[in-house]
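Data first, discussion second: the structure below is written as C-alpha cells.
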Amino acid sequence: MQVTQIALATRDAQGPEPLRKTPLSHSDGSAEKYAIPRLGTAHAIVVAEFHKKIKEAFEVFDHEVNNTVDVREIGTIIRSLGCCPSEGELHDLIAEVEEEEPTGYVRFEKFLPVMTKVLLERRYRPIPEDILLRAFQALDPLKRGFLTKEELIKYMTEEGEPFSQEEMEEMLSAAIDPESNTIHYKDYVTMMVIEEN
C-alpha cells in the first residue's frame, strides 16, 4: 500500500499533541490513516512502518475483506505485533476499540490509532529472559532445573492471574517434555522469549 500523503499534527509550544483522527488520502482508496504528533521524518517513517505491520496483521483475520475482524482475534493480532498484554490489559484494549454497542467485530479504523499508540509507547513489551528465568527458579526451591507437570498446573491455576483451560493446555503442550513429564524451564524460557525487532 502506497501512502501518498502523511498528515501530521503540528507541534504546539508545550510539546506534541495527542494522537488524533485525521484522514489521509491513499492511492488505493484503503482505510484511513490517523495523524500523530510531528517529531521528524524518522518518526513519520516509523509510524508508516507500524501502520503497514498493523494492517498486515489485521488483514490475516479479516476473512470477509471488509476491514473488520472478530473481537476474539484481537489478542492474537496484538501478540503477533510483539506485544504481550495481560488478560486485564487486553480486555481494556478491546473495550477501547469496540463499538459503543458491541457487535462482536472490531473495525480497522478504530483499531489502527489505538494500536499505533501502543506500539509508539512500547507498551506491553515481553518480559526479558532473565526475569522469566528467575520467576521459574522461584517456583523451584530445590534448584532442580525443572518443574513437574503437576507443580506447573498448580501454579498456573492457583497463583496470580489464573490461566484459562485453553491457555494452560497450550502452554503444557509446548513446555512439558513428554518422556519425563517435566518442564526444563531454562530451555522453555529460551524458546518462549520474543526477540524484539
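Exactly one residue out of Thr41, Thr10, Thr22, Thr4 is modelled with pLDDT under 95, of a type in the set (Val, Ile, Thr) and surrounded by 13 or more Cβ atoms within 10 Å (Cβ to Cβ): that is Thr22.
Among the residues of the range 52-69, those identified as more than 14 Å from the chain's Cα centre (by Cα) and surrounded by 14 or more Cβ atoms within 10 Å (Cβ to Cβ) are Glu59, Phe61, Asp62, Asn67, Thr68, Val69. The numbered conditions (1) open to solvent by 20 Å² or more (accessible area, probe 1.4 Å); (2) touching a residue at least 24 places away in the same chain (Cβ under 8 Å) are all true for Lys143 except (2). Scanning the range 103-126 for residues that are in a helix (DSSP H, G or I) and without any contact (Cβ under 8 Å) to a residue 60 or more places away in the chain, we see that the one that is most open to solvent (accessible area, probe 1.4 Å) is Lys110.
Does Ala95 satisfy the criteria of being over 18 Å from the mean Cα position of the chain (by Cα), modelled with pLDDT under 95 and open to solvent by 50 Å² or more (accessible area, probe 1.4 Å)? Lay out the reasoning, then the answer.
Working: over 18 Å from the mean Cα position of the chain (by Cα): no; modelled with pLDDT under 95: yes; open to solvent by 50 Å² or more (accessible area, probe 1.4 Å): yes.
Against the criterion (over 18 Å from the mean Cα position of the chain (by Cα), modelled with pLDDT under 95 and open to solvent by 50 Å² or more (accessible area, probe 1.4 Å)), Ala95 does not qualify.
Do we find that Leu90 is closer than 24 Å to Gly160 by Cα and open to solvent by less than 20 Å² (accessible area, probe 1.4 Å) in this structure? Spelling it out, Leu90 is indeed closer than 24 Å to Gly160 by Cα and open to solvent by less than 20 Å² (accessible area, probe 1.4 Å).
Does Lys110 satisfy being modelled with pLDDT of 85 or more, of a type in the set (D, E, K, R) and within 30 Å of His43 (Cα to Cα)? Spell out how you get there, then give the answer.
On the way: modelled with pLDDT of 85 or more: yes; of a type in the set (D, E, K, R): yes; within 30 Å of His43 (Cα to Cα): yes.
The answer is yes for Lys110.
Scanning the range 70-87 for residues that are open to solvent by 30 Å² or more (accessible area, probe 1.4 Å), not in a loop (DSSP other than H, G, I, E, B) and not acidic (Asp, Glu) gives Arg72, Thr76, Arg79, Ser80. Whether a residue is among the β-branched types (Val, Ile, Thr), under 18 Å from the mean Cα position of the chain (by Cα) and open to solvent by less than 70 Å² (accessible area, probe 1.4 Å) was assessed, and Val189 does not pass this test.
The values are calculated or read from the model by the stated rules, or taken from the named source; none is laboratory data. Just so it is clear, the model here is predicted, and its values are computed rather than measured. Backbone-built Cβ (ideal geometry, glycine too); neighbour counts: all protein chains shown. Side chains included, ligands, DNA and RNA excluded: accessible areas come from the protein's heavy atoms. Shrake-Rupley method; radii C 1.70, N 1.55, O 1.52, S 1.80 Å.
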